[in-house]
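Each reported figure results from applying straightforward, stated rules to the coordinates on display, with no laboratory input. Fair warning: this is a prediction, and the values are worked out from it, not measured in the lab. Backbone-built Cβ (ideal geometry, glycine too); neighbour counts: all protein chains shown.
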Amino acid sequence: MYGSKCFKLVITGFLLLTYLVVAGVQAEESGVAKVAATVSGSALPEPAVQTYRLIHQGGPFAHEKDGMVFGNRERLLPMQTRGYYREYTVATPGSRDRGARRIVCGGAASRPEVCYYTDDHYASFRRIVP
């Protein structure tokens with residue numbers, strides 16, 4: 001009697017775990033965004049507002065790497081083909097290098113479809129809503 005209940009519990013746990021793993025893989029493969037947070041364009045720090053404007057104007061940008069392809073290696077943004085995302089530096093006061101702040105935009109460089117802001121060098125993103 002006890003062995004039968006234990007066996008059922010183990011099987012139920014195994015099936016639940018299998019379901020969760022499969023569901024997670026399907027969500028990852030479907031390109032479901034892991035970015036739930038948003039930030040209003042007007043709520044961005046002023047250097048990010050300036051960068052955001054420059055992106056939509058086509059530049060000019062202060063850093064040579066601005067506009068380069070962003071590989072999304074962290075897989076925090078929705079999965080897209082290589083070249084879809086481009087990154088832009090947001091000035092960080094007091095930083096001697098490019099700092100940790102970036103805006104990453106997806107779509108055509110001259111007409112982005114979506115942009116994301118990170119202030120922690122790609123550890124998290126917030127979708128910018130105009």
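Couplings 3J(HN,Hα) of segment 82-94, computed from phi: 4, x, 5, 9, 10, 10, 9, 7, 10, 4, 10, x, x Hz, in residue order, whole Hz [Karplus 6.51 cos²θ - 1.76 cosθ + 1.60, θ = phi - 60°; x for Gly and Pro]. Peptide packing: for 69-75, 120-126, the average count of neighbouring Cβ atoms within 10 Å per residue gives the ranking 120-126, 69-75, highest mean first.
Positive end of the dipole of segment 61-101, charges at C-beta (+1 Lys, Arg; -1 Asp, Glu), about the Cα centre: which of GLY99, TYR85, MET68 has its Cα farthest in that direction? Value computed over the given set: TYR85. Run the simple label-point estimate for HIS56 and ALA123 please: 7 Å along Cα→C-beta, distance reported in nm. In this crude spin-label approximation the distance works out to 3.0 nm.
Couplings 3J(HN,Hα) of segment 123-128, computed from phi: 6, 8, 9, 10, 6, 7 Hz, in residue order, whole Hz [Karplus 6.51 cos²θ - 1.76 cosθ + 1.60, θ = phi - 60°; x for Gly and Pro].
Residues whose amide H lies under 5 Å from that of VAL114, counting only those 5 or more places away or on a different chain, are GLY106; hydrogens are built 1.01 Å from N in the peptide plane. Rounded, prolate or oblate: which fits segment 33-129, taking a ≥ b ≥ c as square roots of the Cα gyration tensor eigenvalues, rounded meaning a/c under 1.5, else prolate when a/b beats b/c? Rounded is the answer for segment 33-129, as its axis ratio a/c remains below 1.5.
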